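The values are calculated or read from the model by the stated rules, or taken from the named source; none is laboratory data. This one's a predicted model, so the numbers in the text were calculated from it and none came from an experiment. Here the Cβ is made from the backbone with ideal geometry for all residues, glycine too, and neighbour counts use every protein chain on show. Accessible surface is based on the protein model in full, side chains and every heavy atom, while ligands, DNA and RNA are left aside. Shrake-Rupley method; radii C 1.70, N 1.55, O 1.52, S 1.80 Å.
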Amino acid sequence: MSANSTGVLEKLLRENELGWIIEWFVPPGKAIPTLLSLLEAASKESRARFGAGGPQFTEPILDNEYRQNPDKVRAFLQALGGTRSPQMLVMIWRVLQGMRVQALDMTYREQATFRLCCVLNSPYEDKPEVYESSDIVDAMLLRHLGIIEMDKGPVFEGFYPVRF
């Protein structure tokens, strides 16, 4: 564990049957410092997009949110184990807070290119937010999106934990 960690992240991962994320690292002792670094990068991305009032991803904030919304934090933690992109973590958090998936485009060419672009919008005001990734690992995040049909049209609704 790093000097910056209070142990909350490891506790949250283990309590949510996500200890495999820690064990996946080689050596496992690198897991928490690496994940905390990714969370800090997501906080910086959030501040760059939304200013000082944007969402922050610290251990105390995640712990507090977990007490209020355990399923949301569980979904976020699962995504934390499946992405290396601060931008994607911010996108996930925004969906968890109620933003709508307005558009989703994925381009893939075997051994050539990958691009994922997600446009979010608020249900209350028209302020689109664009999130992009060129890391194919981020395709795994799509399995967390709720899929429904509304008025015979497709809708991605929410971001949910995957049950193991």
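Being farther than 14 Å from residue 10 by Cα and touching a Lys or Arg at 6+ places or on another chain (Cβ under 9 Å) is the filter; apply it to the range 54-71 and report the residue that is least open to solvent (accessible area, probe 1.4 Å).
For the range 54-71, the residue satisfying everything is 54.
Determine, yes or no, whether residue 87 is part of a strand (DSSP E or B) and in contact with a strand residue (DSSP E or B) (Cβ under 7 Å, 6 or more places away or on another chain).
Working: part of a strand (DSSP E or B): no; in contact with a strand residue (DSSP E or B) (Cβ under 7 Å, 6 or more places away or on another chain): yes.
No, not satisfied.
Is the range 126-149 home to any residue that is within 17 Å of the chain's Cα centre (by Cα), of a type in the set (S, T, N, Q), at pLDDT 95 or above and not in a loop (DSSP other than H, G, I, E, B)?
So in the range 126-149, the residues within 17 Å of the chain's Cα centre (by Cα) come out as 129-146.
After this cut, where a residue has to be of a type in the set (S, T, N, Q) as well, the list is 133-134.
From the residues that got through so far, the ones that are at pLDDT 95 or above too are 133-134.
With not in a loop (DSSP other than H, G, I, E, B) added as a condition, the list becomes 133.
Looking through the range 126-149, at least one residue is within 17 Å of the chain's Cα centre (by Cα), of a type in the set (S, T, N, Q), at pLDDT 95 or above and not in a loop (DSSP other than H, G, I, E, B).
Looking for something under 14 Å from the mean Cα position of the chain (by Cα) and farther than 24 Å from residue 6 by Cβ - is there at least one such residue anywhere in the range 63-85?
Checked against the condition, which is being under 14 Å from the mean Cα position of the chain (by Cα) and farther than 24 Å from residue 6 by Cβ, the range 63-85 yields at least one hit.
Name the pairs: first residue in the range 135-163 and within 16 Å of residue 98 (Cα to Cα) and of a type in the set (Asp, Glu), second residue surrounded by 14 or more Cβ atoms within 10 Å (Cβ to Cβ) and at pLDDT below 95, Cβ to Cβ under 7 Å, at least 6 apart or on different chains?
No pair meets every condition.
Taking the stated definitions as given, is residue 100 closer than 22 Å to residue 55 by Cα and open to solvent by 80 Å² or more (accessible area, probe 1.4 Å)? Give the derivation first.
Details: closer than 22 Å to residue 55 by Cα: yes; open to solvent by 80 Å² or more (accessible area, probe 1.4 Å): yes.
Considered against the rule, which asks whether it is closer than 22 Å to residue 55 by Cα and open to solvent by 80 Å² or more (accessible area, probe 1.4 Å), residue 100 comes out as yes.
Looking at this structure, is residue 49 at negative phi, under 13 Å from the mean Cα position of the chain (by Cα) and basic (Lys, Arg)?
On the way: at negative phi: yes; under 13 Å from the mean Cα position of the chain (by Cα): no; basic (Lys, Arg): yes.
So residue 49 does not fit the description; no.
Which residues, counting only those in the range 113-125, are closer than 15 Å to residue 97 by Cβ and either modelled with pLDDT of 95 or more or of a type in the set (A, V, I, L, M, F, W, C) (or both)? Before the answer, list the steps.
From the range 113-125, those closer than 15 Å to residue 97 by Cβ are 118, 120-125; that's our starting set.
Selection gives 118, 120, 121.
Restricting the range 72-97 to residues that are within 14 Å of residue 160 (Cα to Cα) and among the basic types (Lys, Arg), which is most open to solvent (accessible area, probe 1.4 Å)?
Filtering the range 72-97 for residues that are within 14 Å of residue 160 (Cα to Cα) and among the basic types (Lys, Arg), the one most open to solvent (accessible area, probe 1.4 Å) comes out as 72.
Show the residue pairs that are 6+ apart or on different chains and have beta-carbon atoms under 6 Å apart, the first residue being within the range 15-42 and surrounded by 18 or more Cβ atoms within 10 Å (Cβ to Cβ), the second being β-branched (Val, Ile, Thr).
31/22; 42/90
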